[in-house]
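The values are calculated or read from the model by the stated rules, or taken from the named source; none is laboratory data. Not measured: the values here are computed from a predicted model. All Cβ positions, glycine included, derive from the backbone under ideal geometry; neighbour counts span all protein chains shown. Heads up: the accessible areas ignore ligands, DNA and RNA and are worked out on the full protein's heavy atoms, side chains in. Shrake-Rupley method; radii C 1.70, N 1.55, O 1.52, S 1.80 Å.
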Amino acid sequence: MSDFPYVKIKNFINGQWREEAGTPVKPLYNPSTGEQIGEVPMSGADACEAAIATAWEAYQTWREVPVAKRVAYIFKLREAMIRNHEKLAQGIAWDQAKHISEARGEVQRVIEILESACGTPSLIQGDILDQISSSISVKVVRQSLGVFGGVAPFNFPALVFGWFIPYAIAAGNTFIFKPSTQSPYFMQLICELFQEIGLPAGVVNVIHGDRSIPGTWYEDPRMAGVCLVGSTPTAKKMAEGCARGAKRSMLLGGAKNMLLVMEDANLDIFVNNFLNSCYGSAGQRCLAGSIVAAVPEIYDTVMERILEASKTVKVGDAFDPDVYMGPLISRAAADNVAKYVDIALAHGNCELILDGRNPVLPEKNKNGFFVGPTIIRDVTPCNPLFTTEVFGPLVATIKVADMDDALNLIRASEFGNGACIFTQNAYYIERFSRLADVGMVGVNVGICAPHPYVPFGGIKGSLLGTDKVQGKDGLNFFTQNKVTTVRTHHPKGQAPKPAANTSIRSCVAS
């Protein structure tokens, strides 16, 4: 681990660091220790206006830069991230406290997304319909829209940057990014790389603060669209704001994901995937498995196996190589997990079989924000724990009659992000994949996160909007179709004579 100094997070506007004199600051903590490690400016109206004005001015030039040259900057950023891979990962493990091994994986995934975004010239190719009518052709092109604003959650400071910014700027847009105030350090490091690679000033601007920042975007005519990864209530509020201002929006919300274990499942494969799905990132991710469902033939065995495996999970400092699971992001987050344990048990008809509250920790981590693996068995569908996204290492289990019973529970959920099935039966695989009412399905995998080249996103309350992040879907969101209809004729020829039959006049060019 590198030694990190106390850090003052700064805004990055017009290619320069900007200190907001007199602006209130919010303390930044290391969740592994609970100590304050820095401060984050809570930017006001002046900084918001500066970011919008800068991004709008930069757009007038950036949109005219050939796509190959725009993509060249994405490739330079990829090279810079590879050179700084460990530094970026340690930055994530420091203020977000994702375990260092997972932080390295997150940085690697962003590098892969950048590689995908480098294919933008092919992904945004248009179409030509030649001779669609006499001497008439039609050209369809994809063009940029303008300035986009993006809001990131605390749990994936690198990944959400990768989902939004590379595709947006490769397509010719400019961007204003608001990181979480709980994990802003990664973007401070990325802005240093923007300067290193010579990204033109104003193409990407980073501003820190509270939810009032996106509030300045909705009705500003210089803004083209807004994107978010966050909770469903936040996504709904932002959707309302975008609708008022007629802004394009891509808003990824919450989740409650089920892992379904069928009677023929390979339990060794399931248990390994269960650990990563439910306790990776301390359960703080939108594709975390938070419900384990199993059919009667195997339910008790599954309970024994997950209990045994969960007891082996070592909890501790994000930089400790022997640790499997780090802390939650804040004391409030840890208290929320404890609250939902009490709520679930008060509802009755369930059993706490593993209590991760108050885990044993080294002295240096006593003030950290930790909760260990926690399992509540036999939760009913009407229990608040079954329907609420808690965002922590808290697992609810339920016995289902069969696969259709599980599918009905998934269908009834407010959310529709992901669901996974563990089976070797081709019929189960095909039926579950087709009927699970979610945007992403996993078969014998615990985290059904697609690779960078295909769409990522849910349905229902997990995604407000139509476009998803990554790949061609991401580029579709950041571009618009323009259709040009062209009639050509010889410059010295006569204009075509009208058709003899004028009783029918076409509503299109003919």
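Structural remarks
- Only one of the listed residues (V271, V341, V360, V323) is out of contact with any Phe, Trp or Tyr (no Cβ under 9 Å at 6 or more places or on another chain), open to solvent by 70 Å² or more (accessible area, probe 1.4 Å) and of a type in the set (V, I, T). That residue is V360.
- Any hit, region 291-304, residues being assigned to a loop (DSSP other than H, G, I, E, B) and under 30 Å from N30 (Cβ atoms): no
- Subset of region 480-508 that is surrounded by 11 or more Cβ atoms within 10 Å (Cβ to Cβ) and closer than 19 Å to V140 by Cα - its residue that is modelled with the lowest pLDDT: R487
For every residue, the table says whether it meets (1) closer than 24 Å to T61 by Cα; (2) touching a strand residue (DSSP E or B) at 6+ places or on another chain (Cβ under 8 Å); (3) in a loop (DSSP other than H, G, I, E, B).
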| site | (1), (2), (3) |
| --- | --- |
| E112 | no, no, no |
| I128 | no, yes, no |
| Q131 | no, yes, no |
| S137 | no, yes, no |
| R142 | yes, yes, no |
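- The single condition among (1) under 16 Å from T174 (Cα atoms); (2) open to solvent by 10 Å² or more (accessible area, probe 1.4 Å); (3) not aromatic (F, W, Y) that C227 does not satisfy is (2).
- Screening region 247-268 for residues that are in a loop (DSSP other than H, G, I, E, B) and without any contact (Cβ under 8 Å) to a residue 40 or more places away in the chain and picking the one that is least open to solvent (accessible area, probe 1.4 Å) gives K247.
- D404 vs. criteria at pLDDT 95 or above, over 27 Å from E240 (Cβ atoms) and charged (D, E, K, R): yes
- The number of residues in region 225-239 being out of contact with any helix residue (DSSP H, G or I) (no Cβ under 9 Å at 6 or more places or on another chain) and not in a helix (DSSP H, G or I) comes to 1.
- In the condition set (1) of a type outside the set (D, E, K, R); (2) in contact (Cβ under 8 Å) with a residue 60 or more places away in the chain; (3) over 29 Å from V313 (Cα atoms), M440 is compliant with all but (3).
- Only listed residue being assigned by the TED database to the domain that holds G149, open to solvent by less than 50 Å² (accessible area, probe 1.4 Å), at pLDDT 95 or above and not charged (D, E, K, R), chosen from F432, F477: F477
- Residue count for region 168-202 satisfying the condition of being over 17 Å from the mean Cα position of the chain (by Cα), over 13 Å from K76 (Cβ atoms) and assigned to a loop (DSSP other than H, G, I, E, B): 5.
- Scan of region 344-357 for residues that are in a loop (DSSP other than H, G, I, E, B), of a type outside the set (D, E) and surrounded by fewer than 23 Cβ atoms within 10 Å (Cβ to Cβ), ordered by number: G348, N349, C350, R357
- Of the candidates T388, T374, the single residue that is open to solvent by less than 60 Å² (accessible area, probe 1.4 Å), among the hydroxyl-bearing types (S, T, Y), outside the structural domain of K236 (by the TED database) and under 21 Å from K311 (Cα atoms) is T374.
- Yes/no for R142 being within 22 Å of H451 (Cβ to Cβ), touching a residue at least 24 places away in the same chain (Cβ under 8 Å) and surrounded by fewer than 24 Cβ atoms within 10 Å (Cβ to Cβ): no
- Matching residues, region 203-215, being farther than 17 Å from G225 by Cβ and either open to solvent by 10 Å² or more (accessible area, probe 1.4 Å) or part of a strand (DSSP E or B) (or both): V206, D210, R211, S212
- Single unsatisfied condition, R285 versus (1) assigned by the TED database to the domain that holds K399; (2) open to solvent by 20 Å² or more (accessible area, probe 1.4 Å); (3) more than 19 Å from G457 (Cβ to Cβ): (3)
- Applying the condition of being in contact (Cβ under 8 Å) with a residue 24 or more places away in the chain and assigned to a loop (DSSP other than H, G, I, E, B) to region 309-319 and asking which residue is most open to solvent (accessible area, probe 1.4 Å) yields K311.
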